[in-house]
Amino acid sequence: MFRFEKKQKIINAGGIKLGGQPGELPTALTASIFYIGHKIVEDKKKGTFDKARAEALINRMDELSDMTTNPFILDVVGASVPAFQNYITFISKVTQAPIQIDAISPRLRMETIKWAHEIGLSARLINNSIYRGVKEAELQNLKDCGVKASIILCDNPTDDTTQGKLDVLPGILAMGDQAGIEGALIDTAMPAWGIGVGAGLRSIYLIKEQYGDRGAVGTGIGNVSDTLGWVKGNFPKNIKKAVDAAQNAILPMIGADWIMFGPIEFAEFVFPAVAVIDTYILTATAELGTRPAVEGMHPLYKLVG
């Protein structure tokens with residue numbers, strides 16, 4: 001489990017490195033900001049927000065990243081082009097982290113990416129996402145705008161099994177190639193809480209084994225956290241935080257290169273949990289000859305040294 005037979009690709013996504021064999025790189029952590037219901041948002045259409053609180057949250061992400069070496073991505077959720085413009089302009093001045101464009105509407109994604117390209121931010125962008133059903137125009141827009149990184153979503157609406165995800169992946173990777181994507185963040189499309197979560201988890205390992213030479217593999221646990229009502233209904237809030245931390249921390253053990261962990265506020269307990277697990281993994285894989293891809297840039301050096 002701690003070393004894959006397939007050659008593993010290390011990708012560049014918005015300025016950070018992801019992928020490789022377990023232990024080579026720290027797990028990248030993606031946080032959602034300006035999401036639906038986020039209390040710092042004042043007007044979702046205009047994109048007005050509490051800048052002091054937003055800056056404090058982002059600065060804390062940078063601090064946690066420095067403490068652990070785990071890089072991070074900001075998944076920016078927006079409801080309009082003006083909102084995205086306000087959010088991205090602000091973020092680009094506060095941090096150097098990659099900016100992931102998260103919009104349900106293809107038109108909104110395209111217009112936002114085109115604007116960001118025009119102001120010189122293409123190299124920091126990650127598209128969320130390419131999936132079955134994305135139109136040719138959107139793929140061409142990504143290519144024209146020089147966006148090199150994208151989520152490749154293994155969502156199969158007709159078959160939510162592990163095999164169903166594997167069946168659609170080659171075609172979606174081909175779409176990424178058509179769009180000029182060099183940094184593929186392959187997402188196993190974790191569903192809401194239920195029996196389907198097993199396929200989302202198992203797919204991480206199998207995709208790393210079969211397609212690890214094509215991109216970095218991971219998933220988002222937020223859907224599970226939001227719908228796991230049993231914990232919320234029976235235990236205090238601090239127990240829910242422990243469960244969320246555990247859910248995220250198990251993913252690197254199965255091979256995940258990156259995790260979309262949900263609201264940015266979760267960073268406080270997700271970073272230390274994942275950093276500890278990353279240290280377990282490197283100390284295990286060191287016996288197999290694995291070394292950090294960048295000397296000194298791994299939680300091991302922060303937590304054990």
### Task
Rounded to the nearest 500, what is the 222 nm mean residue ellipticity of the chain from helices alone, with -39500 (n - 2.57) per DSSP H run of 4+ residues and division by all residues?
-14500 deg cm²/dmol
#### Entry: Cβ-based charge dipole, the chain, positive-most Cα from Ile264, Ala28, Ile204
Ile264
### Query
For Trp115, Trp258, Trp230, what's the fewest-to-most ordering of other Cβ within 10 Å of each Cβ?
Trp230, Trp115, Trp258
### Message
Can you give me the C-alpha center-to-center distance between segment 122-144 and segment 48-87, rounded to a whole angstrom?
### Response
22 Å
### Summary
Comparing Gly229, Gly180, Gly164 in a Gaussian network model of the chain (Cα, 10 Å), the one with the largest mean-square fluctuation is Gly229
### Query
Treating the beta-carbon of each Lys and Arg as +1 and of each Asp and Glu as -1, no other charges, what is the dipole magnitude of the chain about its Cα centre, to the nearest 20 debye?
280 debye
### Options (i) 0.94; (ii) 1.16; (iii) 1.01 - which one matches Rg/Rh (Cα atoms, Kirkwood Rh) as calculated here
(i)
### Query
Can you give the relative contact order of segment 10-303 as a percent, counting alpha carbon pairs under 8 Å and 6+ residues apart?
24 percent
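We did not get these values from a lab; they are worked out from the coordinates using the rules stated. This one's a predicted model, so the numbers in the text were calculated from it and none came from an experiment. Note that we place each Cβ from the backbone using ideal geometry, even for glycine, and neighbour counts take in every protein chain shown.
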